[in-house]
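A.B. asks: Before I ask anything, let me first share the structure, which is written out below as structure tokens.
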Amino acid sequence: MSTALFNAAPRKSLVTHVEDEIRAALIEGRLEPGTRLVTKELADSLGMSITPVREALVRFAASGVLTAEPAQSFRVPTMTVAQYSEISEIRKSVEGLAAFNAASQITTEEIASMKILLKRYLAAKADKDQHLALTLNKEFRFVLYSAARMPTLLGVIELLWLKAGPGFNYLYPETQSGNGDHHNYEDLLIALHERRAVAAREAIEHAIEDGARIVIEALQRREAQPVPVK
């Protein structure tokens, strides 16, 4: 496990810091499916004792985001085609609702921020910087979802991204030469500028569908591989 995935703790609740770091790594797709998180290793990389790290990991395991394993370790779950398909369908509903409501609430400053993030995101993809692209994609989407001014809905979306995020790793390098998300995001920005709620919802639904198609194809290839004989 790379220690570069996480940052050292600031002067705030240590458990909260660990949770924030793991949450960001999951949502941004920096932790791949199947990644093993060893409590002591993670504590060492964060420069803190085991106790707050264990507490944070246990909380994520309790919500089903991580699975607990022996020897004080946890794992990012692998995902089946059926599981990812279900999450994607739910995401279309809730993220589409957020986009629909954001169309009437979003400010010109937030739209301008999304335009800048989209430009940086496309540049990161062109440079084949997977982790930066995933990070910028998350920031772009959550400016939109925050603009809906629905904090409960935002929490639901975040939980779904925690579960789906590790699968985002499968988006690369498949999408490096693709323009699907580019067109979807351009359509979204136009819809937001023109305050067209239905069009904004449809653009996000299409973005989720396009991404899910790539991830599901990767999962299908993985499921088709023969299981190694132990």
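The values are calculated or read from the model by the stated rules, or taken from the named source; none is laboratory data. None of the values given here were measured: they were computed from a predicted structure. Because the Cβ atoms are built from the backbone with ideal geometry, glycine has one as well, and the counts that use them run over all protein chains shown. Accessible surface areas use protein heavy atoms only, side chains included; no ligands, DNA or RNA. Shrake-Rupley method; radii C 1.70, N 1.55, O 1.52, S 1.80 Å.
A.B. asks: What size of dipole, in debye to the nearest 20, comes out for the chain about its Cα centre when the only charges are +1 on Lys and Arg C-beta atoms and -1 on Asp and Glu C-beta atoms?
C.D. replies: 400 debye
A.B. asks: Between 0 and 90 degrees, rounded to the nearest ten: what's the tilt of helix 130-146 against the longest Cα principal axis of the chain?
C.D. replies: 60 degrees
A.B. asks: Quick one: how many Å² of MET114 are accessible to a 1.4 Å probe, rounded to 10?
C.D. replies: 0 Å²
A.B. asks: Here's another thing I want to ask about it. So between GLN83 and ALA68, what do we pick up on full extension, going 0.36 nm a residue minus the alpha carbon distance?
C.D. replies: 3.5 nm
A.B. asks: May I ask you to compute the full-extension gain from ASP44 to ALA126, defined as 0.36 nm times their residue separation minus their alpha-carbon distance, rounded to one decimal in nm?
C.D. replies: Between ASP44 and ALA126, full extension yields an extra 26.1 nm.
A.B. asks: Then there's this: Quick check: with the 1.4 Å probe, what order do ILE50, ILE87 take by accessible area, largest first?
C.D. replies: If we order ILE50, ILE87 from most to least accessible, we get ILE50, ILE87.
A.B. asks: With a 1.4 Å probe and all protein chains left in place, how much accessible area per residue does the chain have, in Å²?
C.D. replies: Per residue, the chain has 50 Å² of solvent-accessible surface.
A.B. asks: Given labels modelled 7 Å from the Cα in the Cβ direction, how far is it in nm from GLU209 to LEU159?
C.D. replies: 2.7 nm
A.B. asks: Given a 1.4 Å probe and every protein chain left where it sits, what share in percent of the accessible area of the chain is carbon and sulfur?
C.D. replies: For the chain, the apolar C and S fraction of the accessible surface comes to 55 percent.
A.B. asks: Within the chain, what is the number of lysine pairs with alpha carbons under 18 Å apart, leaving out pairs fewer than eight places apart on the same chain?
C.D. replies: Close lysine pairs found across the chain: 9.
A.B. asks: Which Cα, out of MET79, VAL65, ILE190, lies furthest along the positive dipole direction of the chain (beta carbon charges, K/R +1, D/E -1)?
C.D. replies: VAL65
A.B. asks: Another question, then. How much accessible surface does HIS131 have with a 1.4 Å probe, in Å² rounded to 10?
C.D. replies: The accessible area comes out at roughly 80 Å².
A.B. asks: From the C-alpha gyration tensor of the chain, pull out the three semi-axes of the equivalent ellipsoid (sqrt of 5λ each), sorted largest to smallest, in whole Å.
C.D. replies: Taking √(5λ) for each Cα gyration eigenvalue gives 30, 22, 16 Å.
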